[in-house]
Amino acid sequence: MKHIVCFHLFNDYSGSPKVLKMVLEGLLKKGYQVDLVSSKGGVLDELLHYENLHKHSYPYKFSANSVITMLRYCYVQFYTFFLSFRWLFCKDAVFYINTLLPVGSALTGRMMGKRVVYHYHENAFIKGAFYKP
């Protein structure tokens, strides 16, 4: 059975986690084992009733101070980087990166030779050069 390890930076009620919730519901209903790594307090918390889902949470929120927000973001990248090694010996694990923001886990996945899938559902041409693949 496939094991999906899904990383999403900020769990709120915006469009990105709502789309991810629909994708994960489909995978969970098909019997996939899913580990979800994200913050607390959003639409993804509604998936916790599935037996084949295990959620790993961290505290993350925005601040009015952009320096504080960036420090929190960096903390989450280090946290997910090291947490990702938990699946080092899980041969069939696929790292599913929702948006481009969980770079720590994406880097670890590549280092471990895991299949890393990016779910990129933003319009890069509107966002600017930084977001273009």
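The values are calculated or read from the model by the stated rules, or taken from the named source; none is laboratory data. None of these values were measured; they are calculated from a predicted model. Positions of Cβ are backbone-derived with ideal geometry, glycine not excepted, and every protein chain shown enters the neighbour counts. For the accessible areas, the whole protein counts, side chains as well, though only heavy atoms, and no ligand, DNA or RNA atoms are used. Shrake-Rupley method; radii C 1.70, N 1.55, O 1.52, S 1.80 Å.
Residues whose amide H falls under 5 Å from that of Val117, counting only those 5 or more places apart or on a different chain, are Phe95, Tyr96, Ile97, with hydrogens built in the peptide plane.
Using a Gaussian network model of the chain in which every pair of alpha carbons under 10 angstrom is joined by a spring, one finds that among Tyr60, Tyr13, Tyr96 the greatest mean-square fluctuation is at Tyr13. When the chain is treated as a GNM with alpha-carbon contacts under 10 Å, the residue of Phe95, Phe85, Phe62 showing the greatest mean-square fluctuation is Phe62. For Lys55, enumerate residues with amide H under 5 Å from its amide H, sequence gap 5+ or separate chain, H modeled in the peptide plane. For Lys55, the qualifying residues are Leu36. Springs between Cα atoms under 10 Å define the GNM used for the chain, and in it the highest mean-square fluctuation of Lys21, Lys91, Lys114 occurs at Lys91. Scalar couplings 3J(HN,Hα) for the range 46-63, obtained by applying the Karplus form with A = 6.51, B = -1.76, C = 1.60 to θ = phi - 60°, are 6, 8, 5, 7, 6, 6, 8, 10, 10, 9, 10, 10, 9, x, 8, 7, 7, 10 Hz; x denotes Gly and Pro. Enumerate the residues in the range 1-19 having an amide nitrogen under 12 Å from the point lying 7 Å beyond the Cα of Lys30 toward its Cβ. Label zone hits: 2-4.
Residues of the chain: accessible area per residue at 1.4 Å, in Å²? Heavy-atom accessible area per residue stands at 57 Å².
In order along the range 108-115, the Karplus-derived 3J(HN,Hα) couplings, from 6.51 cos²θ - 1.76 cosθ + 1.60 at θ = phi - 60°, round to 4, x, 5, 4, 7, x, 6, 6 Hz, and Gly and Pro are given as x. The accessible surface of the chain, taken with every protein chain in place and a 1.4 Å probe, is 63 percent carbon and sulfur. Averaged over residues, the count of other Cβ atoms within 10 Å places the peptides 67-79, 27-39 in the sequence 27-39, 67-79, highest first. Taking 0.36 nm per residue of separation and subtracting the current Cα-Cα distance, fully stretching the chain between Asp45 and Tyr120 would add 24.9 nm.
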